[in-house]
Amino acid sequence: MNVKVGEQFAGVTRIFGNDPVRRAQCSACARAEVLKIADWRSHHNEATPSGICLRQQLRKLRQCNIRDMLGSDSTLMRTLRLTLGACLSLMLLASCATLRPSPSAQVARILASARTAERLHDFALGARLRTELAQISRRPERAARSLVRAAEDLIEAGQGQAASRLLESRLSQEIGGPARVEALTRLGTALLLRKHPARLLALVHALPKVSGPLAAPLLRLQAEAWYARGRAVPAIRLFDERARLLTTDPAKTRNTQLLWSGLIQLDTARRHPLALPAQALGTERAWIALANLMRAAWENPAHFMQGLAAWKHEFPNHTAQASIIPHLVRELNRLGHYPKTLAVLLPLTGSYAPAGLAIERGLLASRYSEGPFGTPPVIRFYNTGSHVKGALGAYHEALRDHAQWIVGPLLKPQVAALATLRPAIGVLALNDLAKGMPKPGRFYEFGLSPRDELREIVDHLIRHHRLYGGALIPHGSWGRAILKDLGRDLDHAHGKLIAIGRYTPNRRSYSSNLEHFLRIRGSIIRGQALAGTLGMPLTFTPAPRSDLDFILLIANTLDAREITPELRYFGVTSVPIYGLSRDDVPGTIHQDLNGLWALETPWSLGTHGPWKRIRTNLARLWPQSDPRASRLMAFGFDAYRLIPWLRNRPDSGRRLFWGATGLLTLGKNGRIGRHLIWVRFESGRAVPTDTSRMKD
C-alpha cells in the first residue's frame, strides 16, 4: 500500500472506527437515502414533495454513528466520497432549482410566438399555436377567441377547409356556440375596421350554421362586410333576414337604420346610380331606388322632391315609409339652412391674389349653381392681403358687419393668428393649423394639403402588402415635411422607407439623382468586374435595385413628366410608381406619365355631368383666368357647400358628401379630410381604376 493510500486509510479509520459491520450498515443507509433523494428530485424543475426535506435526510445520515466505523478498504473510501458528493450535488440542485413555468407564463410565450409567426406571414404556424392556446385555456371565452383566430390564420394561409374542420371539431363543440359567436363578433368588428371584409366573410362561411338569436350579430357583420365590398343586394337581404329574428320594435328600427346608413354611405362612394340586378326582389329594388334619389338630393333638390313622391306611390307599404323618409326630409331641410350673412376672407391683392381670386370665383359658382336646400346667404368678401395684420383687420370688419360665419383666411400664418383670437362665430379656415396648436370651438380646417393623399396612398400600399419602398423627395422644407409624415404613416403599418432620393426641382435631367437612388452605379461596377475576371468585353444592361415594393414620386406635374420616363429608362418596369394629384389644366394629355398611379379629384376627371358644366361656365365668365388655377376654383366650390353641414350637423367622424375636391369627411379634430379617386395614366390620360369613387 503506497503512501497516498495509507494516508486515506488512516483518515477513514479516525472518522469511522474499526467495526466493519457498523461500517457496512451506515454505508447501506447512506446509499438508500441518496436513492430516495434522487427519486424525489428526478427532474431539477420539479418541486420537492410535501413532507420531505433534505435537512431531514441529512439528519438521518448523522444519526449513523460514523465515528465508530472502521474501514481499511480504498474502494469503500471512494464509495463514501461519491455518496457525500451526490448528497451535496442534490442539495445544490434543491437550492437553485426553478419551478415549472406558470400557466399564464406558458400562455404568454405561446401567444408571443403566434404573433411573431403572423407578423412573418407564417399563418399555418400561427394557426397551430392559436389552437394550442385554445386547448390550454381554462375560460371558454378565451378559448373561443384563440380558436377563431386560428381559423382566421388558416383562411389567410389558403386552408379554408381546414378552418371549417377546426370550427366543427370536438374542441369547438366543447367551447360552445355562444362563446364562438361572441369571439367571432369581436374579431369580425376588428377585421372590418382593418378593411378586411373578404376575410370576415370567409370566416363566417367556415363557421357551422348558427340559427336563432345567436345569428343576429353574425348577420349584421356579414351585411356590413358586403357593404364594405360595394355589394348592396346581399347586404340588404342579410339585414332583412336579421329583422325577422328581432322581437322588439326598437331593435327592428335600429336594424332599418343600419341598413340605410350602410346603403347611403355605399351610394355616396359611387359614380353612377346603384345598379338594379335582374334578380333583385321588390324590397331590394325599393331600397336601391331610394338611395339613388338621395344621391342627387344635394345637387338638385327639386328633382329629389318629385322623385320622392313617385317612390312613395310605387312602394306604399315599404319599411322606409315610416322609419326613414320623414327623418330624411327633415334632415335635408335642416342641412340646407345657410347663415344669413357669410364673410369670406381672401388675399385679393398682392402675391397671393391669383389664388384668392380663383377661390372667390369657385365660391360664387357654387352659390349660383343648382345648389342645396334653403335660402342662400348674403356673401361679403374682405381683402386680407399677404400679412397677418390684414387678416385680423378683415376679421374685425366682418364682425362689425354682423357676419354669422367666416370662410378663410387662406395663408397659414393668418389662420394661426385668427385661431389665437378664439372667434365667437363659426370659422372654416382654408388652411391647416400647426400640429399641436390649440383650436377654439367651431373652428374647422379645410385645405388642399397633400397629407390626405399621402394617407390614402399608404392605406393602398398596406392593402396590397407593399410595405418597403423608396421615395423621391424635392429639396426644401416642403419635401422634409412630406417625408416626415410619410415615414410616420408607414411606421404605424410596420413598413419602412428603405431608399430616399432627393432632387432639385425644375431641372431638365435627373439622371445623376436616379442613378444614386436606384444603385445603378453599383450594377455597372459589378458588370465591369465580371468582364475583367473573364478577360473579355461584355454587353450588359445595368439593373436597378430589386428590394423596392414601390416608389413614391413627390413632384409637381412638370417634374413628374421628366422623372417618370427616366425611371423607366433605368429599368423600373415591375415596381409601381405612385404620384400626387396633378396641378395643371384638367383633361391635359401626358404621354410621359404613362404607367404612373395617382390620385385625382372629381373636378379634374369629370368629362361630363355637373363638374364639366361648371368648369365650362367658369371659363366663359372669366376667359382670362389661369386654367391651372382650376383646382383652387374647385376648392372654393366645396368651401361654400360645407357651410350648412358644419353649421347644422357638426358630427365628427362622418362622411359628408362627394364634392369637387373628393369625398369630404369631418374628423374628430375639426379637420375636413378628402378621399380622392385612384387613376392610372394610359395613353396619356388619367383612367380611373376605382370608378366607384368617381361621381359626375
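What ranking do 508-521, 446-459 get when scored by the average of other Cβ atoms within 10 Å per residue, highest first?
446-459, 508-521
Calculate, in nm to one decimal, what Asp626 and Arg194 gain on full extension: separation in residues at 0.36 nm each, minus their alpha carbon distance.
Result for the pair: 151.3 nm of gain on full extension.
How much of the accessible area of segment 141-190, probe 1.4 Å, is carbon plus sulfur, in whole percent?
Roughly 44 percent of what the probe reaches on segment 141-190 is carbon or sulfur.
Determine the order of Glu331, Glu132 by accessible area, beginning with the largest, at a probe radius of 1.4 Å.
Order by accessible area, largest first: Glu132, Glu331.
Accessible area, 1.4 Å probe, largest first: how do Lys340, Lys209 sort?
Most to least solvent-accessible, the answer reads Lys209, Lys340.
Can you tell me how much longer the chain between Ala543 and Thr504 gets when fully stretched, taken as 0.36 nm per residue apart minus their C-alpha distance, in nm with one decimal?
Extending this stretch completely gives an extra 11.6 nm.
Say the dipole of segment 361-416 comes from +1 at the beta carbon of Lys and Arg and -1 at that of Asp and Glu; which of Ser366, Thr384, Pro413 then lies farthest toward its positive end?
Farthest towards the positive pole: Pro413.
Quick check on packing: order 396-405, 229-238 by the mean number of other C-beta atoms within 10 Å, highest mean leading.
Packing order, densest peptide first, comes out as 229-238, 396-405.
Please list the non-local residues whose amide H lies under 5 Å from the amide H of Asn431, H modeled 1.01 Å from N, same-chain partners needing a gap of 5 or more.
Correct list: Phe446.
With a 1.4 Å probe and every protein chain left in place, work out the accessible area per residue of segment 146-276 in Å², rounded to a whole number.
Result: 48 Å² per residue.
If I compute solvent accessible area with a 1.4 Å probe over the protein chains, what percent of it on segment 498-617 is carbon and sulfur?
54
How many percent of Cα pairs in segment 218-265 exceed 12 Å?
54
Express the carbon and sulfur contribution to the solvent-accessible surface of segment 320-439 as a percent, rounded to the nearest whole number, probe 1.4 angstrom.
58
Which is farthest toward the positive dipole end of segment 470-614 among Asn506, Ile525, Pro576, measuring Cα position about the Cα centre, with Cβ charges +1 (Lys, Arg) and -1 (Asp, Glu)?
Result: Ile525, furthest along the dipole toward the positive end.
Once R0 is set to 35 Å, what does the formula 1/(1 + (r/R0)^6) return for the Cβ-Cβ distance between Asp491 and Arg139, expressed as a FRET efficiency to the nearest 0.05?
With R0 = 35 Å, the Cβ-Cβ based efficiency is 0.50.
Could you state the accessible area per residue of segment 496-556 in Å², with a 1.4 Å probe and every protein chain left in place?
Value for segment 496-556: 62 Å² per residue.
Compute the distance in nm between two label points, each set 7 Å from the Cα along the Cα-to-Cβ direction, one at Tyr569 and one at Ala529.
So the label points at Tyr569 and Ala529 sit 2.7 nm apart.
Not counting ligands, DNA or RNA, and with a 1.4 Å probe, what is Thr573's accessible surface area in Å² rounded to the nearest 10?
110
Given the protein chains as shown and a 1.4 Å probe, how many square angstrom of Ser546 are accessible, to the nearest 10?
Taking all protein chains as shown, Ser546 has close to 120 Å².
If amide hydrogens are placed 1.01 Å from N in the peptide plane, which non-local residues have theirs closer than 5 Å to the one on Phe657?
Leu664
Taking only protein heavy atoms and a 1.4 Å probe, what accessible area per residue, in Å², does segment 328-475 have with all protein chains in place?
43
Given all pairs of different Cα atoms, what value in angstroms does the Kirkwood hydrodynamic radius of segment 108-161 take?
Roughly 10.7 Å, rounded to one decimal.
Report the Cα centroid-to-centroid distance between segment 472-515 and segment 236-260 in angstrom, as an integer.
Segment 472-515 and segment 236-260 have Cα centres separated by 50 Å.
Place a +1 charge on the Cβ of each Lys and Arg in segment 354-509 and a -1 charge on the Cβ of each Asp and Glu, then give the dipole magnitude about the Cα centre in debye, rounded to the nearest 20.
500
Quote the FRET efficiency, to the nearest 0.05, computed for Arg231 versus Thr349 with a Förster distance R0 of 60 Å and r equal to the Cβ-Cβ distance.
So the FRET efficiency works out to roughly 0.70.
Take the Cα radius of gyration of segment 154-254 and divide it by 2.2 N^0.38 Å, with N its residue count; two decimals is plenty.
Numbers: Rg = 13.9 Å, N = 101, 2.2 N^0.38 = 12.7 Å.
The value comes to 1.09.
If one puts a single equal scatterer on every Cα of segment 329-433 and applies the Debye formula without solvent, what log₁₀ I(q)/I(0) results at q = 0.15 Å⁻¹?
Taken in order of the listed q values, log10 I(q)/I(0) reads -0.62.
Using square roots of five times the C-alpha gyration tensor eigenvalues, list the equivalent-ellipsoid semi-axes of segment 479-575 in whole Å, biggest first.
29, 17, 11
What FRET efficiency comes out for the pair Asp583/Leu421, r = Cβ-Cβ distance, R0 = 30 Å, nearest 0.05?
So the FRET efficiency works out to roughly 0.40.
The values are calculated or read from the model by the stated rules, or taken from the named source; none is laboratory data. The structure presented is a predicted model; accordingly, all values stated were derived computationally and were not measured. We place every Cβ from the backbone using ideal geometry, glycine too, and count neighbours over all the protein chains shown. What goes into the accessible areas is simple: the full protein's heavy atoms, side chains included, and nothing from ligands, DNA or RNA. Shrake-Rupley method; radii C 1.70, N 1.55, O 1.52, S 1.80 Å.
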